[in-house]
Structures are given as structure tokens and as C-alpha cells.
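Values in this text are rule-based calculations from the coordinates and carry no lab data. Bear in mind the structure is a predicted one, so any value in this text is a computation, not a measurement. Counting neighbours? That spans all protein chains shown, and the Cβs are built from the backbone with ideal geometry, glycine included.
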Amino acid sequence: MAEATANGLGQHALHSTHDAAAITKADTHQEHPIKLYLVVWAWLFILSTCSYLVDYFGIHGYLRWSLILIFMMLKAGLIVAVFMHMAWERLAMMYAIILPPILVLVFVTMMVLEADYTLLTRIAFFGPGP
């Protein structure tokens, strides 16, 4: 290194002497075919249409919201997997990004169930409100 600096060669000149086989996997850029993006776009369109049809056909109650949430989660999964390139990430990175929202949903569900239990307990002990 001292000889290269003394000869006027910078650090960039030293790195240019490496051969192409020394390039690691992290340095390469992966290209995805346009067909993949078009197929995902078509699936997003189909799922959005299905979500609209739930409202169009007048489905009500828990079935309506269940179908809308299922279609929404499928669309979000496709977007995260393909457009955010999560399908090609390491497993640890996937867990770091996907696990927290899943845990939030689990905890919100637990709170909703606990809220009904608390309300029923208050009504049992204090009677119905005015």
C-alpha cells in the first residue's frame, strides 16, 4: 500500500486490479423479468375487483369484512413480496419486517376480546347503565 501511494496510485487503482470472479454475490444486481411484475399487477387488479364486488353484491356483516380483509392482506402480501423485493431477502430480514405487524394484529385481537369480557363483568357487578 505504501508503494502504491508513493507511486501516485490511489486506492481506486488498487481495487481495479481485482478480477471479475472476486465480485461477491452482494455486489451483483439482480434483474427480474417484466412478466413477473405484469402478473402481479394483474393479480392486484383481480383482487381489487373482488373487493369491489363484495360491496356491489351487497354482502353484509362479518362475511363482508372478512372478505375485504382477506383481499386486502393478499394484495399487501403481493406488494411486499414482489415490489419491495421481500421474496428475495434473507429470512431474518423477512421476520424483522413481517413479524411486528402480525404481533400487533394478535395483540389488538386480544384487546378486543378482553374489552367484551370487561364490559360484561362491569354489567354483572354494577348493573346496566342509566
Requested in this report: Step through the residues of the range 105-120 one at a time and calculate ³J(HN,Hα) from phi using the Karplus curve (6.51 cos²θ - 1.76 cosθ + 1.60, θ = phi - 60°), rounding each to whole Hz and writing x for Gly and Pro.
Outcome: 4, 5, 5, 5, 4, 4, 5, 5, 5, 5, 5, 5, 4, 5, 4, 5
Report summary line: In nm, the gap between the two label points placed 7 Å beyond Cα toward Cβ at Trp43 and Leu103 is 2.7
Report summary line: At q = 0.27 1/Å the base-10 log of I(q)/I(0) from the Debye formula over the alpha-carbon atoms of the range 90-130 is -0.84
Query - Low-density loop cleavage sites - trypsin sites (Lys or Arg not before Pro) in the range 62-130, where at most 15 other Cβ are within 10 Å (DSSP) - result: Arg90
Requested in this report: For Arg90 and Lys35, calculate 0.36 nm times their separation in residues minus their Cα-Cα distance, and state this gained length in nm to one decimal.
Outcome: 17.4 nm
